[in-house]
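Quick notes on the structure that follows.
The values are calculated or read from the model by the stated rules, or taken from the named source; none is laboratory data. Here the structure is a predicted model, which means the values were calculated and not measured. Note: ideal-geometry Cβ built from the backbone for every residue, glycine included; neighbour counts use all protein chains shown. Side chains included, ligands, DNA and RNA excluded: accessible areas come from the protein's heavy atoms. Shrake-Rupley method; radii C 1.70, N 1.55, O 1.52, S 1.80 Å.
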Amino acid sequence: MALLLRLLPLALALALGPANTLEGPAKSPYQLVLQHSRLRGRQHGPNVCAVQKLIGTNKKYFTNCKQWYQRKICGKSTVISYECCPGYEKVPGEKGCPAALPLSNLYETLGVVGSTTTQLYTDRTEKLRPEMEGPGSFTIFAPSNDAWAALPAEVLDSLVSNVNIELLNALRYHMVNRRVLTDELKHGLALTSMYQNSDIQIHHYPNGIVTVNCARLLKADHHATNGVVHLIDKVISTTTNNIQQIIEIEDTFETLRAAVAASGLNTLLEGDGQYTLLAPTNEAFEKIPAETLNRILGDPEALRDLLKNHILKSAMCAEAIIAGLSLETLQGTTLEVGCSGDMLTVNGKPIISNKDVLATNGVIHFIDELLIPDSAKTLFELAAESEVSTTINLFKQAGLSSHLSGNEQLTLLAPLNSVFKDGTPRIDARTKNLLLNHMVKSQLASKYLYHGQTLDTLGGKKLRVFVYRNSLCIENSCIAAHDKRGRYGTLFTMDRMLTPPMGTVMDVLKGDNRFSMLVAAIQTAGLTETLNRDGVYTVFAPTDEAFQAMPPGERNKLLGNAKELANILKYHVGDEILVSGGVGALVRLKSLQGDKLEISSKNNVVYVNKEPVVEADIMATNGVVYAISSVLQPPANRPQERGDELADSALEIFRQAAAFSRAAQSSVKLAPVYQRLLERMKH
């Protein structure tokens, strides 16, 4: 019996088969959307589906949850209507669509699903109707009546003028010699048609839309006695050319043709796969400056990056785009492909002039604007698209713009325009050298920077990297936006101008008249050597005014006691470098004295122990200096702290007395005495 119980799950699994579970096979995106439409329509009766209809058109869509609440398709408003789900019909006097459609042959089913024009043209051929009414198992992707009506007159005339060849071949291309249901219509599937075994391209998208040679599947899985009918929104035609061959024969792709040949990507575009080419027309290439175009065309790596930025990794038909999508290119970048009414957009711009040119290995959309990736741009071009134009103007005025447009491996540390809201520095030798120190000698990526790393600049300085919990800083300036990595250079957008260190902490203090009393105090306390040697310090430096604000007696006592003075001064020195950009809501920084300093930031003002800092981020080779307007007191020296210690002592006495009282409960004489003591201590 035990053996049977162990074998029961195996027997169930074998009975269900490998593709099924107790819950049934996984549903396709189309089936999930249809299921959602059923759920939204069930209040109107059995087998009723909710559909979204574009206002002013005959376009209808089964709805998913997001679309249901947004009530928009390609930015256009929709109305909800309710109709019978595929395969069902109404019964007079009854709610919903309780009856299954009658099962008949393919020819008659065409009329039932609303493809009477296809039925009419089938009649005109001599061979096809008997085939559709006879034995067998077929699939037909039947164009809707509107699809036939939308055909150009000359195309339709050529079909109906030769019904037993042209029209018959066109209809046979819509047919497959077996039954194919939607659960088999996988993305990238090629079905063999009944016209010369030509392929029909199927794409099944995550939003539930299925396309057949880029025609949208309107209603699917209408069963017939000898097959199945799927209603589609276009008349489809054979395609025999791959993407490369279409580029070769289109006049508007003359420049693209030369670029593809120079890049060596023609092998990719004529090979197997399913790609989307956003193909720039001659007009698109003409829109960019000749200097930029010639530079890219003459640089094989930049050219490959440019072209790969126009190739999506999978075939994307226009009918599948009903809202914005982020799609990855072969270059690894992401393009925002969307729609606005009948227009497709790329990165929010309606630049697609011709869509859904089908190839054997994908689909082509013509675009009238070049999509240049960052990896094909100079530093100057990267900066032109960022909020650092003021910095770029400074480089131009200083005669340094050649560094931004050449092929040097550089990283530009460019402050935001907002940094210069109070004006820009005058261009002189000092400013030019400062700008040179905003260019690092190698092309960096911020994700590889580490704490303590040093970076060499064109100005000859070494800049330090500081990594904090929520910020990444280079000296006093922190990175304010994602990197832009160009062909040779990388752009770091920074939140302030850099101030490279000019000496040790002691050099900084000695060179600033505000700290003369502090310098004397440091010398008295014997800390000069500490603040001169290599290290990582954050110094909160009291100004002369801070010392003068102390009561004279207290100040004289402090300055006359070297040991106490050293203790106080060590409390002003943190044991690591903390620039203002690394200060969050609260940072506790251990001092050389041992106690911790509390550093916080609010409204761009830094506070230490709740006292505002006068000036932040005075950089030194061995640390950073903050000017403060008061002398900080360690916790043990603060009156409030001493009061807290007394309170703690009293509380401890109270606890001991309470314990003694509980132990003495057995003594009638002692208990009242200690009880009165406790009452007095409580007050």
- Grab the DSSP H runs of the chain that are 4 residues or longer, score each as -39,500 (n - 2.57), total them, divide by all residues and round the 222 nm result to the nearest 500 deg cm²/dmol. -9000 deg cm²/dmol
- Message: Apply the Karplus curve 6.51 cos²θ - 1.76 cosθ + 1.60, θ = phi - 60°, to the phi angles in the stretch 403-416 and return the couplings in whole Hz, x for Gly and Pro.
- Response: 5, 8, 10, x, 10, 6, 7, 9, 10, 8, 9, 9, x, 4
- Message: What figure, in Å² to the nearest 10, do you get for the accessible area of Glu154 with a 1.4 Å probe and non-protein molecules left out?
- Response: 130 Å²
- Query: When all protein chains stay in place, what accessible area (Å², nearest 10, 1.4 Å probe) is found for Asp495?
  - Reply: 50 Å²
- Message: Taking all protein chains in place and a 1.4 Å probe, what share, in percent, of the accessible surface of the stretch 89-195 do carbon and sulfur account for?
- Response: 53 percent
- Given a cut-off of under 8 Å on Cα pairs at least six residues apart, what relative contact order in percent is computed for the stretch 411-487? 22 percent
- Send over a whole-number figure in Å² for the accessible area per residue of the chain, probe 1.4 Å. 50 Å²
- Mind listing the long-range amide H neighbours of Leu597? Cut-off is under 5 Å, sequence gap 5 or more, other chains count too, H placed in the peptide plane at 1.01 Å from N. Leu589, Lys590, Ser591
- For the cross-link pairs Lys27/Lys308; Lys432/Lys510; Lys219/Lys349, which exceed 30 Å when the distance is taken from alpha carbon to alpha carbon? Lys27/Lys308; Lys219/Lys349
- What is the antiparallel percent of DSSP beta bridges lying wholly in the chain, to the nearest 5? 75 percent
- Amide H neighbours of Thr225 under 5 Å, at least 5 residues apart or on other chains, H built in the peptide plane: list them. Ser104, Asn105, Leu106
- Sparse-neighbourhood loop hits (trypsin sites (Lys or Arg not before Pro), the stretch 520-616; DSSP loop; Cβ within 10 Å at most 16 others) -> Arg533, Lys610
- Query: In the stretch 276-427, what percent of the accessible surface is made up of carbon and sulfur (1.4 Å probe, ligands and nucleic acids excluded)?
  - Reply: 47 percent
- Contour minus end-to-end for Leu586 and Thr292, with contour as 0.36 nm per residue of separation and end-to-end as the Cα-Cα distance? 101.0 nm
- Given the pairs Lys377/Lys484; Lys72/Lys95; Lys72/Lys313; Lys421/Lys441, which span a C-alpha to C-alpha distance of over 19 angstrom in this model? Lys72/Lys95; Lys72/Lys313; Lys421/Lys441
- Message: Sorting check: for 628-636, 285-293, which peptide has the highest mean count of neighbouring beta carbons within 10 Å, and how do the rest follow?
- Response: 628-636, 285-293
- Sticking to Cα atoms, compute the Rg of the stretch 527-566 to one decimal and its Dmax as the biggest Cα-Cα distance, whole number, in Å. 12.5, 36
- Task: Sort largest first and round to whole Å: the equivalent ellipsoid semi-axes of the stretch 195-267, each the square root of five times a Cα gyration tensor eigenvalue.
- Result: 35, 14, 11
- Item | Rounded to whole Hz, the Karplus (6.51, -1.76, 1.60) HN-Hα couplings of the stretch 133-138, x for glycine and proline | 8, x, x, x, 9, 10
- Item | HN-Hα J in Hz across the stretch 624-633 - Karplus 6.51, -1.76, 1.60, θ = phi - 60°, x for Gly and Pro | 9, 10, 10, 7, 10, 9, 8, 8, 6, 10
- Over the Cα atoms of the stretch 398-478 the radius of gyration and the largest Cα-Cα distance (Dmax), both in Å, equal 13.4, 38
- Under the definition of Cα pairs under 8 Å and six or more residues apart, what whole-number percent is the relative contact order of the chain? 7 percent
- Query: Of His230, His187, which has the most accessible area and how do the rest follow, probe 1.4 Å?
  - Reply: His187, His230
- Message: Restricting to bridges with both residues inside the stretch 349-504, how much of the DSSP beta-bridge set is antiparallel, in percent to the nearest 5?
- Response: 75 percent
- Task: Write down Rg/Rh for the stretch 147-273, rounded to two decimals, with Rg from the C-alpha atoms and Rh from the Kirkwood relation over Cα pairs.
- Result: 1.03
- Query: Val539's amide H: which non-local residues (gap 5+, or another chain) put their own amide H closer than 5 Å, with H modeled 1.01 Å from N in plane and none for Pro or chain starts?
  - Reply: Gly574, Val624, Val625, Tyr626
- Mean projected area in nm² (Cα convex hull; one quarter of hull surface) for the stretch 381-529: 10.4 nm²
- Note on the structure: Longest principal axis of the chain (C-alpha) makes with the long axis of helix 639-663 (C-alpha) an angle, in degrees to the nearest 10, of 90 degrees
- Item | the chain - Cys residues lacking any other Cys C-beta under 4.7 Å | Cys65
- Query: Which three semi-axes in whole Å describe the equivalent ellipsoid of the stretch 89-151, each the square root of 5 times a Cα gyration tensor eigenvalue, listed largest first?
  - Reply: 25, 17, 9
- Note on the structure: Per residue, the convex hull enclosing the alpha carbons of the stretch 476-617 has a volume in Å³ of 128 Å³
- Message: Beyond 28 Å, how much of the Cα-Cα pair distribution for the stretch 49-207 remains, as a whole percent?
- Response: 34 percent
- Task: Could you point to the label whose value was computed as Kirkwood radius over Cα pairs in Å for the structure here, given [x] 26.9; [y] 29.9; [z] 32.7?
- Result: [z]
- Note on the structure: Measure of exposure for Thr530: accessible area at 1.4 Å probe, Å² rounded to 10, is 30 Å²
- Order by protection proxy (mean Cβ within 10 Å, highest first), peptides 339-345, 469-475, 137-143: 137-143, 469-475, 339-345
- Using all Cα-Cα distances in the stretch 274-394, what percent lands in each 5 angstrom bin from 0 up to the longest? 2, 11, 19, 23, 19, 13, 8, 3, 1, 0, 0
- Message: Report D for the stretch 323-365 in µm² per second (integer): Stokes-Einstein, Kirkwood Rh on Cα pairs, 20 °C, 1.002 mPa s.
- Response: 191 µm²/s
